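Novice: Submitted below is the structure of interest, expressed as structure tokens.
The values are calculated or read from the model by the stated rules, or taken from the named source; none is laboratory data. Note that the structure is a prediction, hence the values are computed from the model and not measured. When we count neighbours, we look across all protein chains shown, and the Cβ atoms used for this are built from the backbone with ideal geometry, even at glycine.
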Amino acid sequence: MLTIQLIRQETEYVKERLAVKNFKNIALVNEIIVLDDNRRKLQLERDDAQNEMNSRSREIGIAIKEKDMAKAESLKNETAELKEKIRVLNQQHDDVVAELNNKLVLLPNLPHASVKAGHSAEDNEIIHSEGAIPELGPDAVPHWELTSKYKLIDFELGVKITGAGFPVYTGLGARFQRALINYFLTEAVKAGYTEIQPPLMVNEASGYGTGQLPDKDGQMYYANEDNLYLIPTAEVPVTNIYRDVILKAEDLPVKNVAYSACFRREAGSYGKDVRGLNRLHQFDKVEIVQISTPDKSYAVLEEMRVHVASLIQGLGLPFRVLRLCGGDISFTSALTYDFEVFSAAQQKWLEVSSVSNFESFQSNRMKLRYKDAEGKTQLAHTLNGSALALPRIVASLLENNQTPDGIRVPEVLVSFMGTDIIK
RNA sequence: GGAGAGAUGCUCGAGCGGUUGAAGAGGCACGCCUGGAAAGCGUGUAGUCGCCUAAAGUGGCUCGUGGGUUCGAAUCCCACUCUCUCCGCCA
């Protein structure tokens, strides 16, 4: 969430940037400031009363020590009224704080200066594009036919065991998953990331820390009995490692990479976009997470963008990079680059990665801080990106690399796959 | 799942109702000493929210979390969470 200091000090700027995100309830900003004024006023009154009470108590203690019981008793009798006053003020203060917090979490992150206004995915800016779009023959088919032809993925079997959106990978299909995960992890480690294997379930505090809760709880699978959520992305456990942590300046930047299965309910999705591998309830992803000082976070974002691009280049897929517009960027992000690869048989672009700088939006929620050179405690910046999500990469590799003799395996995967062709 | 023990600052550890945000030790930082270092000596060393234009100063809260008792709680009571030991079960 945004810090109250920023909202108070840069009120007009905050409103302007919220408008770029098409945030409708701009009046909320003023409501928050009024609540905060109120909170301060109440705190002042309460603190004064409490201070008064504390000194009375001390006097009583001294009187008792001096064996002056009469004085102690009379002092005691004077405290009842004060005590009640404090109780009331405390209650009022806590109520205002709760209300303030409830409103504060409704404000999305402010988009970075480079983010343009816009209403939908149509308005995203294509800032880079490379790789030749393959010309497939007339016999080319979409990946869901290839996966069944070569017995790589059994969607129906997944339905039997679990339900729609939980495919079963078999034979070279399963090996293909492992090969990609290996390739992505290996490249990340080469780039200086520390490999992490996180829990796949998280508690409420973690969901709140990265912003999935309270608003997106319907998108996560939930184990009621233990009050735990299945992770929608490794971002959640990996970023929450640093919840309530004060890092030393020399610990930064933190660079972590994690492979995990990801679970998403995708409530409300339907239609042709969900066909085959385009949208699943369970899928594999390698995620990179960095924690940086504020002055370096945009350089870090660029570094991550280059890293993701290099992975896709390694696989030989045509791709483009979009800078998301205000209307399409997520609630928590300040700047997001989406990577899309071209899926030749479906003739469409598929999103395979999203690389974002959250600035201090997540760290403010989870109290992730660092001590700067002067020893002052400051909020760190958090960033993350998919590097990469598997299903759509698999879809486009299968489609783009299909030949009459089988599916060509990209050079970088051959050693992991044990073959250069799937047939 | 059953029985027991415990949770204090960067770390260890004392405190078990009264100026205790917390003794002591270690670590770390700075200073003195030294040609330089070690040792020694001295000083400092939590977070957070307020008040104050800022600095200085000052007030509230925080001893796992949340409640309660009391004029006053790290200390007493209740609930919860977590850790450790033993037993059971188990990849």
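Novice: Is there any pair linking a residue in the range A:212-238 that is within 25 Å of A:Lys103 (Cβ to Cβ) and assigned to a helix (DSSP H, G or I) to one that is among the small types (Gly, Ala, Ser) and modelled with pLDDT of 85 or more, with Cβ under 7 Å and at least six apart or on different chains, and which?
Specialist: Note: pairs meeting the criteria are A:Val236/A:Ser206; A:Val236/A:Gly207.
Novice: Can you tell me how many residues in the range A:127-139 are out of contact with any strand residue (DSSP E or B) (no Cβ under 6 Å at 6 or more places or on another chain) and of a type in the set (A, V, I, L, M)?
Specialist: Total satisfying the criteria: 2.
Novice: Could you run through the range A:149-169 and say how many residues are modelled with pLDDT under 95 and hydroxyl-bearing (Ser, Thr, Tyr)?
Specialist: 1
Novice: Of all residues being more than 8 Å from RNA strand B (Cβ to nearest atom) and in a helix (DSSP H, G or I) in the range A:70-81, which is surrounded by the most Cβ atoms within 10 Å (Cβ to Cβ)? Just the residue, please. Full working, then the answer.
Specialist: Of the range A:70-81, the ones more than 8 Å from RNA strand B (Cβ to nearest atom) are A:70-71, A:73-74, A:77-78, A:81.
From what is left, the residues that are in a helix (DSSP H, G or I) are A:70-71, A:73-74, A:77, A:81.
Numbers: A:Ala70: 8, A:Lys71: 15, A:Glu73: 12, A:Ser74: 12, A:Asn77: 9, A:Glu81: 9.
The qualifying residue surrounded by the most Cβ atoms within 10 Å (Cβ to Cβ) is A:Lys71.
Novice: Within the range A:4-48, track down each residue that is of a type in the set (Asp, Glu), within 16 Å of RNA strand B (Cβ to nearest atom) and free of Cβ contacts under 8 Å to residues at least 40 places away in the same chain.
Specialist: A:Glu10, A:Asp37, A:Asp47, A:Asp48
Novice: Do the conditions hold for A:Asn102, that is, is it loosely packed, with under 12 Cβ neighbours inside 10 Å and farther than 30 Å from A:Glu16 by Cβ?
Specialist: no
Novice: How many residues does the range A:241-267 contain that are of a type outside the set (Val, Ile, Thr) and more than 15 Å from RNA strand B (Cβ to nearest atom)?
Specialist: Count: 14.
Novice: Then there's this: For A:Ile86, are the conditions met, namely being surrounded by 14 or more Cβ atoms within 10 Å (Cβ to Cβ), closer than 23 Å to A:Gln362 by Cβ and either within 12 Å of RNA strand B (Cβ to nearest atom) or acidic (Asp, Glu) (or both)? Give the steps one after another, and end with the answer.
Specialist: Working: surrounded by 14 or more Cβ atoms within 10 Å (Cβ to Cβ): yes; closer than 23 Å to A:Gln362 by Cβ: no; either within 12 Å of RNA strand B (Cβ to nearest atom) or acidic (Asp, Glu) (or both): yes.
Considered against the rule, which asks whether it is surrounded by 14 or more Cβ atoms within 10 Å (Cβ to Cβ), closer than 23 Å to A:Gln362 by Cβ and either within 12 Å of RNA strand B (Cβ to nearest atom) or acidic (Asp, Glu) (or both), A:Ile86 comes out as no.
Novice: Hey, A:Phe23 hits all of (1) assigned to a helix (DSSP H, G or I); (2) surrounded by 12 or more Cβ atoms within 10 Å (Cβ to Cβ); (3) among the hydrophobic types (A, V, I, L, M, F, W, C) but one; which does it fall short on?
Specialist: If we test A:Phe23 against (1) assigned to a helix (DSSP H, G or I); (2) surrounded by 12 or more Cβ atoms within 10 Å (Cβ to Cβ); (3) among the hydrophobic types (A, V, I, L, M, F, W, C), just (1) comes out false.
Novice: Out of the residues in the range A:338-361 that are of a type in the set (Ser, Thr, Tyr) and in contact with an Asp or Glu (Cβ under 9 Å, 6 or more places away or on another chain), which is farthest from A:Arg305 (Cα to Cα)? Before the answer, list the steps.
Specialist: Within the range A:338-361, the first condition is being of a type in the set (Ser, Thr, Tyr), and the residues that meet it are A:343, A:353-354, A:356, A:360.
Right, trim to in contact with an Asp or Glu (Cβ under 9 Å, 6 or more places away or on another chain) and you get A:343, A:353-354.
On the way: A:Ser343: 21, A:Ser353: 10, A:Ser354: 9 Å.
Only one residue tops the list, namely A:Ser343.
Novice: Only one of (1) assigned to a strand (DSSP E or B); (2) free of Cβ contacts under 8 Å to residues at least 40 places away in the same chain; (3) of a type outside the set (A, V, I, L, M) is not met by A:Gly375, so which one is it?
Specialist: The one condition A:Gly375 does not meet is (1).
Novice: Filter the range A:49-69 for residues that are of a type in the set (A, V, I, L, M, F, W, C) and either near RNA strand B (Cβ under 6 Å from one of its atoms) or within 25 Å of A:His93 (Cα to Cα) (or both) and give the result.
Specialist: Pass one, the range A:49-69, residues of a type in the set (A, V, I, L, M, F, W, C): A:49, A:53, A:60, A:62-64, A:69.
Scanning the range A:49-69 gives A:Ala49, A:Met53, A:Ile60, A:Ile64.
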